[in-house]
Amino acid sequence: MLTKCVPGTEAANDALNVSVNKGLGFPQRGTHVGDGVHVDMPQVWDGTGRTPPGWTSSAVDNWTTSTLDSQLPISDEMANKLQSPEALLRLSIDERTALQAALLTRIDVDLSSYTPKSSSAAAEEVATVANFADLGTTTAPLSTTAKVTIGAGILAVAAGAAELAHLAGWF
Amino acid sequence: MSTALNMPWLDLPHWMRRAHIINPRACNFGSLLPPGPIAAPSVAAGPADPLTIVTSVSPFLFLSADLGVTIGTGVSAWADQSGNGHDASQGTAASQPALVTGDVDFGGRNSILADGSNDFLDVTWNPPAPGTQPVWFFCAFNQITWGAAKFLFVGNTSASSLALAQAGATPAMVQQNTAAVNSNTGAGLGSPVRGQVYFSGSVSDYTKLGAVLVTGASAGVVDPIIFRLFSRNGGTQSINAKLACLGAWVGEPSAGEKAALDAWITAYYGAGVGV
């Protein structure tokens, strides 16, 4: 299936995605509906670190095959929203200029060979390695290299019993 | 003269009459009563009933589209009702599946619809290896379209651990924990069905979709590392399907409990899903 995308490097599209989300007003807090137990959703979130349950951090994913080959899907509908006065007001002059130039470069791309960054094991690894506070509960898929790196880091910062017990399950 | 004086039983709670604490037919009020037996009140099925029906094994998680849903752009979170905190979530708007309220496929109950493009939900659950601890799944779902290697649920991003996936030829689904086995064609496209999938790391593994039971081959003993709904990689392997409920338990419930779950499916979602 062809999708309208902005092609670029992974880093360039990560930067562009920041402007896209800023223009569209993300992150956004969700609304609980229906009965029953609901997720523990924080009232406020500064947009850094892992996305808390119930929050929407970004409009779209950056799809990549490598650091040099990336596609940021932006539909016509989203492009129109990004050029609305409401969206443009959220952006600086430089961000507007860069975003509007990027929108003009959109092409139809088959994303079947690309992987969305947020769902990749590598992205989970990066987030987990960067955030030791999650180690007591994370279920992220990690490579052996990442586990060794984290294990060394944990020992260096004297982790709690819960983290160490959880880590024991990895090895 | 008030009704309360003449027919005090009418003012009693229904459960008291049903329990024969006061039986109006035994109190010489026969001439005042309508003819025929007194019908017992029907007990409505509830969305979380499976958690009280299955008691012989503990639940890992239970997700119902009628309970604990959070809407961002689509479904940004789906809360586990089992008490284990194995909630599902999706932080990217474009990858959030849709909540279908009053879905006629499921008797007017809600369902969660994945678009077959890039929708998926991550569950905060690292399932056990079936070789060390069996896992039994129970769900109500509907395949909308079919494509090879598309996942209703899976325990890895890059391998087929603890998966129920479309594979083979339309409309077959397999269970997979490295090995794709027990291919089952019991879930027709566009037809809501109940599903049971058992991972024990032995030839006792089985898929039961609708009325079709396929067993005899082990799906494998690989240890999953995550649990994800609707996709493995978030992209090309996203399924186009609706999921009304999904439960997972530590091992297989008793035959009586499974029969009771089937009865619950029929009562709650309608006879079509209970076939």
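The values are calculated or read from the model by the stated rules, or taken from the named source; none is laboratory data. All values reported here derive from a predicted model rather than from experimental measurement. For neighbour counting, all protein chains shown are included, and Cβ atoms are generated from backbone atoms with ideal geometry for every residue, glycine included.
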Members of the range B:110-153 that are crowded, with 19+ Cβ neighbours inside 10 Å, within 26 Å of residue B:56 (Cβ to Cβ) and within 14 Å of chain A (Cβ to nearest Cβ)
B:123, B:124, B:125, B:126, B:127, B:129
Residue A:99 farther than 18 Å from residue B:95 by Cβ and either under 13 Å from the mean Cα position of the chain (by Cα) or buried (at least 18 other Cβ atoms within 10 Å of the Cβ) (or both):
yes
Condition broken by residue A:44, with the remaining ones in (1) under 28 Å from residue B:78 (Cβ atoms); (2) within 14 Å of chain B (Cβ to nearest Cβ); (3) of a type outside the set (Asp, Glu) satisfied
(2)
Scan (1) touching a helix residue (DSSP H, G or I) at 6+ places or on another chain (Cβ under 9 Å); (2) farther than 27 Å from residue A:112 by Cα; (3) among the basic types (Lys, Arg) for the single condition residue A:29 breaks and write down its number.
(1)
With criteria (1) under 24 Å from residue B:253 (Cβ atoms); (2) out of contact with any Gly (no Cβ under 6 Å at 6 or more places or on another chain), residue B:159 comes up short on (1)
Among the residues of the range A:81-89, is there at least one that is closer than 22 Å to residue B:91 by Cβ and more than 14 Å from chain B (Cβ to nearest Cβ)?
yes
Of these, A:42, A:53, A:85, which one is under 20 Å from the mean Cα position of the chain (by Cα) and surrounded by fewer than 20 Cβ atoms within 10 Å (Cβ to Cβ)?
A:42
List every residue pair whose Cβ atoms lie under 6 Å apart, where the two residues are 6 or more positions apart in sequence or sit on different chains, the first residue falls within the range B:72-101 and is more than 7 Å from chain A (Cβ to nearest Cβ) and surrounded by fewer than 20 Cβ atoms within 10 Å (Cβ to Cβ), and the second residue, located anywhere, is modelled with pLDDT of 95 or more and assigned to a loop (DSSP other than H, G, I, E, B).
B:98/B:74
Does residue B:247 qualify as being surrounded by fewer than 21 Cβ atoms within 10 Å (Cβ to Cβ) and within 17 Å of the chain's Cα centre (by Cα)?
no
Within the range A:26-107, which helices (runs of 4 or more DSSP H) (wholly inside it) include 2 or more residues that are in contact (Cβ under 8 Å) with a residue 60 or more places away in the chain and of a type in the set (Gly, Ala, Ser)?
A:93-103
Strands (runs of 3 or more DSSP E) fully within the range B:191-275 counting 1 or more residues that are touching a strand residue (DSSP E or B) at 6+ places or on another chain (Cβ under 6 Å) and over 22 Å from residue B:180 (Cα atoms)
B:240-249
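Condition check ((1) more than 20 Å from residue B:97 (Cα to Cα); (2) without any contact (Cβ under 8 Å) to a residue 24 or more places away in the chain; (3) not assigned by TED's automatic domain parsing to the domain that holds residue B:120) across all residues:
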{"position": "B:145", "(1), (2), (3)": "no, no, no"}
{"position": "B:174", "(1), (2), (3)": "yes, no, no"}
{"position": "B:184", "(1), (2), (3)": "yes, no, no"}
{"position": "B:191", "(1), (2), (3)": "no, no, no"}
{"position": "B:202", "(1), (2), (3)": "yes, yes, no"}
{"position": "B:222", "(1), (2), (3)": "yes, no, no"}
The one condition residue B:194 fails out of (1) within 14 Å of chain A (Cβ to nearest Cβ); (2) touching a Gly at 6+ places or on another chain (Cβ under 9 Å) is (1)
Might you let me know whether the range A:2-17 holds any residue that is assigned to a loop (DSSP other than H, G, I, E, B), within 12 Å of another protein chain (Cβ to nearest Cβ), buried (at least 20 other Cβ atoms within 10 Å of the Cβ) and in contact (Cβ under 8 Å) with a residue 12 or more places away in the chain?
no
Which condition does residue A:85 not pass, out of (1) modelled with pLDDT of 90 or more; (2) under 21 Å from residue A:17 (Cβ atoms), if it passes all the others?
(2)
Which residue pairs have Cβ atoms under 9 Å apart, sit 6 or more places apart or on different chains, and have a first residue in the range B:235-258 that is closer than 27 Å to residue A:61 by Cβ and a second that is among the β-branched types (Val, Ile, Thr) and part of a helix (DSSP H, G or I)?
B:244/B:273
Which of the following residues is within 7 Å of another protein chain (Cβ to nearest Cβ) and modelled with pLDDT under 95: A:31, A:51?
A:51
Answer yes if at least one residue in the range A:146-164 is surrounded by 11 or more Cβ atoms within 10 Å (Cβ to Cβ), modelled with pLDDT under 90, within 14 Å of chain B (Cβ to nearest Cβ) and within 26 Å of residue A:11 (Cα to Cα), and no otherwise.
yes
Being assigned to a strand (DSSP E or B) and touching a helix residue (DSSP H, G or I) at 6+ places or on another chain (Cβ under 8 Å) is the filter here; which residues of the range B:94-121 pass it?
B:109, B:111
